[in-house]
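Worksheet for the structure shown next.
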Amino acid sequence: MEMPDYKVALIVGAGEGLSASLARLFAKQGIRVALAARRIEKLGALCTETGARAFACDATDPDEVERLFGMVEREIGSPDVVVYNASGRARGAFTDLVPADVAQAIAVSAFGGFLVAQQAARRMLPNRNGAILFTGASASIKGYPQSAPFAMGKFALRGMAQSMARELSPQGIHVAHFVIDGGIRSAARSEPADRPDSMLDPDAIALSYWNVLQQPRSAWTWEQELRPWVEKF
């Protein structure tokens, strides 16, 4: 049974929370890590902790995304794991939404995912090896009031991931989409004492990503839903 062996991971939309947990886990597993974000000043401590390299990139700009992959290849190596963790939001009553804000939210959540995944796939296909992971949300499958732009972007990202999985899996590329159905615990946001583990632990989410990455190709998952044990669905 052939088991995956990954060497370089690129996390796009990096910051605190899930991205940081993934960076720590990948580094612990001996994988070299590249982190991409619009503003990389916030990534200094994480880079020091994990040995990761940070790269500035606007994921909605095709030229910047292509340049990002070129820099990562030259300075670290061609990524065989790529995680798209960026998302955009524009909240408000539907009739009050500003079209430019909606377009930007969709661009970050979905179009950026396309740009990153396309660059990743082009590099993985010659070796017929690699994994492309997408971070979804409750909004990937449920549109909430006053949150139409977020749902629009996340629905689109999920549809793209499903299409990619059907096209690229037979060519050796593992594509997976994760529905994060619940609030993620953070330093600024934690559950009340009377509701322990009612929020998603980012380290636990990262472990689920890792478990999917370790799947033999005879039993690949294309989508996984994660939610706290008390979350309604």
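The values are calculated or read from the model by the stated rules, or taken from the named source; none is laboratory data. These figures come from a predicted structure and were not determined experimentally. Note: ideal-geometry Cβ built from the backbone for every residue, glycine included; neighbour counts use all protein chains shown. Just the protein is used for accessible areas: all its heavy atoms, side chains included, with ligands, DNA and RNA removed. Shrake-Rupley method; radii C 1.70, N 1.55, O 1.52, S 1.80 Å.
Restricting things to alpha carbons, tell me how big the stretch 1-140 is in terms of Rg and Dmax, in Å.
15.5, 55
Counting Lys and Arg as +1 and Asp and Glu as -1, what is the net charge of the other residues whose Cβ lies under 13 Å from the Cβ of residue 21?
So the surrounding residues net to -1.
Among 42/142; 7/42; 28/142, which pairs are too far apart, with a Cα-Cα distance over 29 Å?
42/142; 28/142
Using Cα-Cα distances under 8 Å and only pairs 6 or more residues apart, what relative contact order does the stretch 122-233 have, in percent?
Relative contact order here is 29 percent.
Would you pull out the residues with amide H under 5 Å of residue 223's amide H, same chain only if 5 or more places away, H placed 1.01 Å from N?
Amide H neighbours of residue 223: 177.
Ordering 6, 144 by accessible area with a probe of 1.4 Å, largest first, what comes out?
144, 6
Treat every Asp and Glu Cβ in the chain as -1 and every Lys and Arg Cβ as +1, leave all other atoms uncharged, and give the resulting dipole magnitude about the Cα centre to the nearest 20 debye. Before the final figure, lay out the partial values.
Working: 25 positive and 25 negative charges, 32 e Å.
For the chain, the charge dipole is close to 160 debye.
Considering Cα pairs under 8 angstrom that are at least six residues apart, work out the relative contact order of the chain and quote it in whole percent.
Relative contact order for the chain comes out at 19 percent.
Give the accessible surface of the chain per residue, rounded to a whole number of Å², with probe radius 1.4 Å and ligands, DNA and RNA excluded.
I get 49 Å² per residue for the chain.
In whole Hz, what ³J(HN,Hα) sequence does the stretch 188-201 give by Karplus (6.51, -1.76, 1.60; θ = phi - 60°), x for Gly and Pro?
Calculated HN-Hα couplings, in order: 9, 8, 9, 6, x, 4, 8, 9, x, 6, 8, 10, 6, 7 Hz.
Taking the Cβ of residue 226 as the centre, find all other residues whose Cβ is under 12 Å away and add up their charges (Lys, Arg: +1; Asp, Glu: -1). Spell out each step's value before the answer.
Details: positive: 227; negative: 181, 201, 223, 225, 231.
Result for the local shell: -4.
Whole Å is fine, so just give me how far the alpha carbon centre of the stretch 173-231 lies from that of the stretch 117-137.
Answer, in whole Å: 20.
Keeping the other protein chains in place, figure out the carbon and sulfur percent of the accessible area of the stretch 1-56, with a 1.4 Å probe.
So the carbon and sulfur contribution to the accessible surface is 48 percent.
I'd like to compare 197-204, 165-172, 117-124: which one has the highest average count of other Cβ atoms within 10 Å, and what's the full order after that?
The packing order, highest mean first, is 117-124, 197-204, 165-172.
What percentage of the solvent-accessible surface of the stretch 88-233, computed with a 1.4 Å probe over protein heavy atoms, is contributed by carbon and sulfur atoms?
Details: 4080 of 7460 Å².
Using a 1.4 Å probe with all protein chains present, the stretch 88-233 comes out at 55 percent carbon and sulfur.
Which cross-chain or sequence-distant (5 or more) residues have an amide H under 5 Å from the amide H of residue 10, H modelled 1.01 Å from N in plane?
Excluding prolines and chain starts, which carry no amide H, the hits are 34, 81, 82, 83.
Using only alpha-carbon positions, what ratio does the radius of gyration of the stretch 72-223 give when scaled by 2.2 N^0.38 Å?
1.14
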